[in-house]
1. Exactly one of (1) under 26 Å from Lys47 (Cα atoms); (2) outside any helix (DSSP H, G or I); (3) not aromatic (Phe, Trp, Tyr) is unmet by Ser99. Its number?
2. Could you tell me which residue of the range 3-29 is farthest from the chain's Cα centre (by Cα), considering only residues that are modelled with pLDDT of 95 or more and among the polar types (S, T, N, Q)?
3. Taking Glu250 and the conditions (1) surrounded by fewer than 16 Cβ atoms within 10 Å (Cβ to Cβ); (2) within 23 Å of the chain's Cα centre (by Cα), which numbered condition does it fall short on, given that it satisfies the others?
4. Just one of (1) assigned to a helix (DSSP H, G or I); (2) over 20 Å from Pro151 (Cβ atoms); (3) open to solvent by less than 50 Å² (accessible area, probe 1.4 Å) trips up Pro134, so point out which.
5. For the subset of the range 18-70 comprising residues that are part of a strand (DSSP E or B) and hydrophobic (A, V, I, L, M, F, W, C), which member is most open to solvent (accessible area, probe 1.4 Å)?
6. Pairs needed: first member in the range 147-164, within 18 Å of Gln89 (Cβ to Cβ) and of a type in the set (Asp, Glu); second member anywhere, open to solvent by less than 80 Å² (accessible area, probe 1.4 Å) and outside any helix (DSSP H, G or I); C-beta distance under 9 Å; at least 6 residues apart or different chains.
7. Which one of the conditions (1) modelled with pLDDT of 95 or more; (2) under 17 Å from the mean Cα position of the chain (by Cα) does Gln37 fail to meet, given that it meets all the rest?
8. Answer yes or no as to whether Arg241 is within 15 Å of Val185 (Cβ to Cβ) and among the charged types (D, E, K, R).
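The values are calculated or read from the model by the stated rules, or taken from the named source; none is laboratory data. The structure displayed is predicted, hence computed values, not measured ones. For neighbour counting, all protein chains shown are included, and Cβ atoms are generated from backbone atoms with ideal geometry for every residue, glycine included. All accessible areas refer to the heavy atoms of the entire protein, side chains included, with ligands and DNA or RNA removed. Shrake-Rupley method; radii C 1.70, N 1.55, O 1.52, S 1.80 Å.
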Amino acid sequence: MAGMMAPMWLQETFDVPLVIQMTDDEKTLWKDLTVEQSMKMARENAKDIIAMGFDVGKTFIFANLDYMGRCPAFYQNIIRIQKCVTFNQVKGIFGFVDSDVIGKIGFPAAQAAPAFSTTFPFIFGKDKLPVLIPCAIDQDPYFRMTRDVAPRLGFPKPVLLHSSFFPALQGAKTKMSASDTNSAVFLTDTPKQIKNKINKHAFSGGRPTLEEHREFGGNTDIDVSYQLLRFFMYDDEELERIRISYSKGELLSGELKKIAVETLQSIVADHQRKRQDVTDAILEQFMTPRKLNYNFNGVDSKKY
(Lines give C-alpha, C1' and ligand atoms only; values in the text may rest on other atoms or scores of the structure.)
Protein backbone atom coordinates (compact mmCIF):
# COMPACT_ATOMS: atom_id res chain seq x y z
CA MET A 1 0.00 0.00 0.00
CA ALA A 2 2.73 2.46 0.99
CA GLY A 3 4.58 1.71 -2.25
CA MET A 4 1.61 2.93 -4.30
CA MET A 5 1.32 6.30 -2.56
CA ALA A 6 4.16 7.87 -4.57
CA PRO A 7 2.72 6.86 -7.98
CA MET A 8 -0.68 8.23 -7.01
CA TRP A 9 0.90 11.53 -5.92
CA LEU A 10 2.81 11.72 -9.21
CA GLN A 11 -0.36 11.05 -11.18
CA GLU A 12 -2.35 13.71 -9.33
CA THR A 13 0.42 16.30 -9.35
CA PHE A 14 1.65 16.02 -12.93
CA ASP A 15 -1.49 14.75 -14.72
CA VAL A 16 0.34 11.74 -16.14
CA PRO A 17 -0.82 8.28 -17.23
CA LEU A 18 0.02 5.41 -14.91
CA VAL A 19 0.50 1.81 -15.98
CA ILE A 20 0.64 -0.80 -13.19
CA GLN A 21 2.05 -4.25 -13.89
CA MET A 22 0.85 -7.28 -11.88
CA THR A 23 3.50 -10.00 -12.27
CA ASP A 24 1.31 -13.04 -11.69
CA ASP A 25 3.65 -15.07 -13.91
CA GLU A 26 6.49 -14.33 -11.48
CA LYS A 27 4.42 -15.63 -8.56
CA THR A 28 3.74 -18.85 -10.46
CA LEU A 29 7.42 -19.37 -11.28
CA TRP A 30 8.87 -18.51 -7.86
CA LYS A 31 6.16 -19.76 -5.50
CA ASP A 32 4.19 -22.95 -5.08
CA LEU A 33 1.17 -21.55 -6.91
CA THR A 34 -0.71 -22.64 -10.00
CA VAL A 35 -1.32 -20.29 -12.91
CA GLU A 36 -4.97 -20.06 -11.89
CA GLN A 37 -4.14 -19.23 -8.26
CA SER A 38 -1.69 -16.52 -9.29
CA MET A 39 -4.18 -14.96 -11.70
CA LYS A 40 -6.85 -14.83 -9.00
CA MET A 41 -4.38 -13.32 -6.53
CA ALA A 42 -3.40 -10.63 -9.04
CA ARG A 43 -7.03 -9.56 -9.44
CA GLU A 44 -7.48 -9.31 -5.68
CA ASN A 45 -4.27 -7.30 -5.37
CA ALA A 46 -5.47 -5.01 -8.15
CA LYS A 47 -8.65 -4.30 -6.19
CA ASP A 48 -6.53 -3.22 -3.23
CA ILE A 49 -4.65 -0.83 -5.52
CA ILE A 50 -7.86 0.59 -7.00
CA ALA A 51 -9.24 1.18 -3.50
CA MET A 52 -6.46 3.70 -2.89
CA GLY A 53 -8.22 6.11 -5.24
CA PHE A 54 -6.42 6.00 -8.58
CA ASP A 55 -8.08 7.83 -11.47
CA VAL A 56 -9.58 5.23 -13.84
CA GLY A 57 -9.27 7.72 -16.71
CA LYS A 58 -5.49 7.85 -16.28
CA THR A 59 -4.67 4.37 -14.95
CA PHE A 60 -4.26 1.05 -16.73
CA ILE A 61 -3.66 -2.05 -14.59
CA PHE A 62 -2.67 -5.26 -16.28
CA ALA A 63 -1.61 -8.77 -15.24
CA ASN A 64 1.05 -10.44 -17.36
CA LEU A 65 -0.77 -13.76 -17.78
CA ASP A 66 -3.88 -11.99 -19.05
CA TYR A 67 -2.37 -9.11 -21.02
CA MET A 68 -0.04 -11.32 -23.02
CA GLY A 69 -3.04 -12.66 -24.90
CA ARG A 70 -4.66 -9.27 -25.37
CA CYS A 71 -1.78 -7.31 -26.86
CA PRO A 72 0.77 -8.80 -29.31
CA ALA A 73 3.03 -5.77 -28.81
CA PHE A 74 3.80 -6.98 -25.27
CA TYR A 75 5.20 -10.33 -26.42
CA GLN A 76 6.97 -8.72 -29.36
CA ASN A 77 8.87 -6.39 -27.02
CA ILE A 78 9.66 -9.30 -24.71
CA ILE A 79 11.30 -11.11 -27.62
CA ARG A 80 13.24 -7.97 -28.61
CA ILE A 81 14.60 -7.73 -25.08
CA GLN A 82 15.40 -11.44 -24.85
CA LYS A 83 17.50 -11.18 -28.01
CA CYS A 84 19.64 -8.53 -26.29
CA VAL A 85 20.42 -10.44 -23.07
CA THR A 86 22.51 -13.61 -22.88
CA PHE A 87 22.10 -16.53 -20.51
CA ASN A 88 25.39 -15.66 -18.83
CA GLN A 89 24.16 -12.12 -18.23
CA VAL A 90 20.93 -13.16 -16.52
CA LYS A 91 22.83 -15.69 -14.41
CA GLY A 92 25.18 -12.93 -13.30
CA ILE A 93 22.42 -10.41 -12.63
CA PHE A 94 19.86 -12.64 -10.92
CA GLY A 95 21.93 -15.57 -9.65
CA PHE A 96 20.09 -18.26 -11.58
CA VAL A 97 21.47 -21.78 -11.30
CA ASP A 98 21.17 -24.87 -13.48
CA SER A 99 18.34 -26.30 -11.37
CA ASP A 100 16.08 -23.25 -11.88
CA VAL A 101 13.08 -23.71 -14.16
CA ILE A 102 13.54 -22.14 -17.59
CA GLY A 103 10.63 -19.76 -16.99
CA LYS A 104 12.72 -17.83 -14.47
CA ILE A 105 15.38 -17.19 -17.08
CA GLY A 106 12.91 -15.66 -19.50
CA PHE A 107 10.90 -13.71 -16.92
CA PRO A 108 13.16 -10.62 -16.59
CA ALA A 109 12.23 -9.62 -20.13
CA ALA A 110 8.53 -9.71 -19.17
CA GLN A 111 9.30 -7.46 -16.23
CA ALA A 112 11.24 -5.11 -18.49
CA ALA A 113 8.86 -4.80 -21.45
CA PRO A 114 6.40 -2.37 -19.78
CA ALA A 115 9.28 0.13 -19.50
CA PHE A 116 8.89 0.57 -23.27
CA SER A 117 5.92 2.71 -24.26
CA THR A 118 5.18 0.73 -27.45
CA THR A 119 4.09 -2.16 -25.21
CA PHE A 120 0.87 -0.13 -24.86
CA PRO A 121 0.02 1.02 -28.41
CA PHE A 122 -3.56 1.89 -27.47
CA ILE A 123 -2.19 4.50 -25.02
CA PHE A 124 1.04 5.76 -26.60
CA GLY A 125 0.85 4.64 -30.21
CA LYS A 126 4.30 4.01 -31.72
CA ASP A 127 6.02 6.85 -29.85
CA LYS A 128 9.06 5.86 -27.81
CA LEU A 129 8.51 7.96 -24.70
CA PRO A 130 10.54 8.44 -21.51
CA VAL A 131 9.33 6.40 -18.56
CA LEU A 132 9.55 6.81 -14.79
CA ILE A 133 9.36 3.58 -12.79
CA PRO A 134 8.55 3.86 -9.08
CA CYS A 135 9.58 0.52 -7.59
CA ALA A 136 10.91 -1.16 -4.48
CA ILE A 137 14.67 -1.36 -4.18
CA ASP A 138 14.66 -5.14 -4.75
CA GLN A 139 13.43 -4.58 -8.32
CA ASP A 140 16.53 -2.57 -9.23
CA PRO A 141 18.39 -5.43 -11.02
CA TYR A 142 15.53 -5.86 -13.51
CA PHE A 143 15.62 -2.25 -14.56
CA ARG A 144 19.39 -1.92 -14.61
CA MET A 145 19.20 -4.67 -17.20
CA THR A 146 16.43 -2.71 -18.95
CA ARG A 147 18.52 0.47 -19.01
CA ASP A 148 21.33 -1.44 -20.72
CA VAL A 149 18.96 -2.82 -23.35
CA ALA A 150 16.86 0.29 -24.04
CA PRO A 151 19.32 2.25 -26.24
CA ARG A 152 19.95 -0.81 -28.39
CA LEU A 153 16.24 -0.93 -29.18
CA GLY A 154 15.92 2.81 -29.72
CA PHE A 155 14.17 3.62 -26.44
CA PRO A 156 15.18 6.20 -23.83
CA LYS A 157 16.57 4.66 -20.67
CA PRO A 158 13.85 4.34 -18.00
CA VAL A 159 14.36 6.35 -14.82
CA LEU A 160 13.86 4.64 -11.46
CA LEU A 161 12.39 6.03 -8.26
CA HIS A 162 13.32 3.61 -5.47
CA SER A 163 11.20 3.07 -2.39
CA SER A 164 12.50 1.38 0.74
CA PHE A 165 10.80 -1.44 2.63
CA PHE A 166 9.21 -0.73 5.94
CA PRO A 167 10.50 -3.10 8.59
CA ALA A 168 8.96 -6.29 9.89
CA LEU A 169 7.35 -5.77 13.27
CA GLN A 170 10.18 -7.67 14.94
CA GLY A 171 12.73 -5.18 13.64
CA ALA A 172 15.06 -4.43 10.77
CA LYS A 173 17.05 -7.65 11.21
CA THR A 174 13.98 -9.82 10.61
CA LYS A 175 12.00 -10.42 7.44
CA MET A 176 8.38 -9.58 6.76
CA SER A 177 6.54 -12.67 5.57
CA ALA A 178 2.97 -13.42 4.53
CA SER A 179 3.35 -16.83 6.20
CA ASP A 180 4.06 -15.16 9.57
CA THR A 181 0.92 -13.23 10.43
CA ASN A 182 2.70 -11.44 13.27
CA SER A 183 5.49 -10.04 11.10
CA ALA A 184 3.37 -7.25 9.63
CA VAL A 185 0.09 -5.38 9.77
CA PHE A 186 -2.11 -6.51 6.88
CA LEU A 187 -4.88 -4.63 5.11
CA THR A 188 -7.32 -7.34 6.21
CA ASP A 189 -6.51 -6.98 9.92
CA THR A 190 -9.18 -5.92 12.41
CA PRO A 191 -8.56 -3.02 14.82
CA LYS A 192 -8.01 -5.55 17.61
CA GLN A 193 -5.47 -7.51 15.56
CA ILE A 194 -3.56 -4.31 14.73
CA LYS A 195 -3.47 -3.33 18.41
CA ASN A 196 -2.29 -6.77 19.52
CA LYS A 197 0.37 -7.02 16.82
CA ILE A 198 1.94 -3.68 17.55
CA ASN A 199 1.72 -3.97 21.33
CA LYS A 200 3.11 -7.51 21.45
CA HIS A 201 5.44 -7.73 18.45
CA ALA A 202 6.60 -4.26 17.38
CA PHE A 203 10.27 -3.93 18.26
CA SER A 204 10.83 -1.10 20.69
CA GLY A 205 13.62 1.44 20.79
CA GLY A 206 12.89 2.16 24.43
CA ARG A 207 15.23 1.52 27.35
CA PRO A 208 15.02 -1.56 29.61
CA THR A 209 13.67 0.42 32.57
CA LEU A 210 11.49 3.48 32.99
CA GLU A 211 14.28 5.30 34.81
CA GLU A 212 16.77 4.68 31.98
CA HIS A 213 14.22 5.71 29.36
CA ARG A 214 13.49 8.97 31.15
CA GLU A 215 17.22 9.67 31.45
CA PHE A 216 18.55 8.55 28.07
CA GLY A 217 15.49 8.54 25.84
CA GLY A 218 14.41 6.08 23.15
CA ASN A 219 16.02 5.25 19.82
CA THR A 220 13.69 6.12 16.95
CA ASP A 221 16.12 4.63 14.41
CA ILE A 222 15.25 1.10 15.55
CA ASP A 223 11.78 1.62 17.01
CA VAL A 224 9.32 -0.05 14.63
CA SER A 225 6.31 1.96 15.80
CA TYR A 226 8.10 5.18 14.94
CA GLN A 227 9.31 3.78 11.62
CA LEU A 228 5.73 2.94 10.70
CA LEU A 229 4.69 6.49 11.54
CA ARG A 230 7.40 7.78 9.18
CA PHE A 231 5.49 6.07 6.35
CA PHE A 232 1.91 6.72 7.41
CA MET A 233 1.74 9.94 9.44
CA TYR A 234 0.97 12.83 7.10
CA ASP A 235 1.71 15.60 9.60
CA ASP A 236 5.49 16.14 9.42
CA GLU A 237 5.47 18.62 12.31
CA GLU A 238 3.67 16.15 14.57
CA LEU A 239 6.05 13.37 13.52
CA GLU A 240 9.03 15.54 14.44
CA ARG A 241 7.44 16.41 17.77
CA ILE A 242 7.04 12.69 18.49
CA ARG A 243 10.64 11.98 17.51
CA ILE A 244 12.04 14.67 19.80
CA SER A 245 9.77 13.73 22.68
CA TYR A 246 10.64 10.03 22.42
CA SER A 247 14.36 10.74 22.04
CA LYS A 248 14.30 12.87 25.20
CA GLY A 249 12.47 10.18 27.18
CA GLU A 250 9.36 12.32 27.59
CA LEU A 251 7.26 9.91 25.48
CA LEU A 252 7.23 6.28 26.58
CA SER A 253 7.31 3.21 24.32
CA GLY A 254 3.76 2.27 25.24
CA GLU A 255 2.56 5.76 24.37
CA LEU A 256 4.38 5.67 21.04
CA LYS A 257 2.84 2.30 20.25
CA LYS A 258 -0.60 3.71 21.05
CA ILE A 259 -0.08 6.48 18.49
CA ALA A 260 1.04 3.93 15.89
CA VAL A 261 -1.95 1.68 16.65
CA GLU A 262 -4.46 4.51 16.25
CA THR A 263 -2.81 5.74 13.05
CA LEU A 264 -2.80 2.33 11.38
CA GLN A 265 -6.27 1.40 12.61
CA SER A 266 -7.67 4.50 10.93
CA ILE A 267 -5.83 3.92 7.64
CA VAL A 268 -6.67 0.21 7.43
CA ALA A 269 -10.34 0.73 8.32
CA ASP A 270 -10.64 3.45 5.66
CA HIS A 271 -9.02 1.18 3.09
CA GLN A 272 -11.34 -1.71 3.95
CA ARG A 273 -14.40 0.51 3.47
CA LYS A 274 -13.18 1.63 0.07
CA ARG A 275 -12.12 -1.90 -0.90
CA GLN A 276 -15.69 -3.14 -0.43
CA ASP A 277 -16.84 -0.74 -3.15
CA VAL A 278 -14.42 -2.11 -5.76
CA THR A 279 -16.60 -4.48 -7.78
CA ASP A 280 -15.54 -6.82 -10.57
CA ALA A 281 -17.05 -4.33 -13.02
CA ILE A 282 -14.82 -1.54 -11.69
CA LEU A 283 -11.82 -3.88 -11.85
CA GLU A 284 -12.53 -4.57 -15.52
CA GLN A 285 -12.63 -0.84 -16.25
CA PHE A 286 -9.08 -0.48 -14.95
CA MET A 287 -7.82 -3.67 -16.65
CA THR A 288 -9.36 -3.14 -20.08
CA PRO A 289 -6.86 -1.84 -22.70
CA ARG A 290 -8.03 1.64 -23.73
CA LYS A 291 -6.93 5.24 -24.28
CA LEU A 292 -6.07 7.22 -21.17
CA ASN A 293 -6.71 10.90 -20.53
CA TYR A 294 -3.64 12.97 -19.71
CA ASN A 295 -1.63 15.95 -20.84
CA PHE A 296 2.13 16.03 -21.55
CA ASN A 297 3.37 19.64 -21.66
CA GLY A 298 0.21 20.75 -23.38
CA VAL A 299 0.07 17.74 -25.75
CA ASP A 300 -3.26 16.02 -25.26
CA SER A 301 -3.47 12.21 -25.11
CA LYS A 302 -5.96 12.29 -28.00
CA LYS A 303 -2.88 12.60 -30.22
CA TYR A 304 -2.29 8.93 -29.60
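1. Exception for Ser99: condition (1).
2. Checking each candidate, the answer is Thr28.
3. Looking at each condition in turn, Glu250 falls short on (2).
4. It is condition (1) that Pro134 fails.
5. Our first condition is that a residue be part of a strand (DSSP E or B); within the range 18-70, this holds for 18-22, 59-63.
Going one step further and asking which of them are hydrophobic (A, V, I, L, M, F, W, C), we end up with 18-20, 22, 60-63.
Numbers: Leu18: 25, Val19: 46, Ile20: 14, Met22: 20, Phe60: 0, Ile61: 1, Phe62: 4, Ala63: 5 Å².
For the range 18-70, the residue satisfying everything is Val19.
6. What qualifies is Asp148/Cys84; Asp148/Val85.
7. Against the list (1) modelled with pLDDT of 95 or more; (2) under 17 Å from the mean Cα position of the chain (by Cα), Gln37 comes up short only on (2).
8. Details: within 15 Å of Val185 (Cβ to Cβ): no; among the charged types (D, E, K, R): yes.
Against the criterion (within 15 Å of Val185 (Cβ to Cβ) and among the charged types (D, E, K, R)), Arg241 does not qualify.
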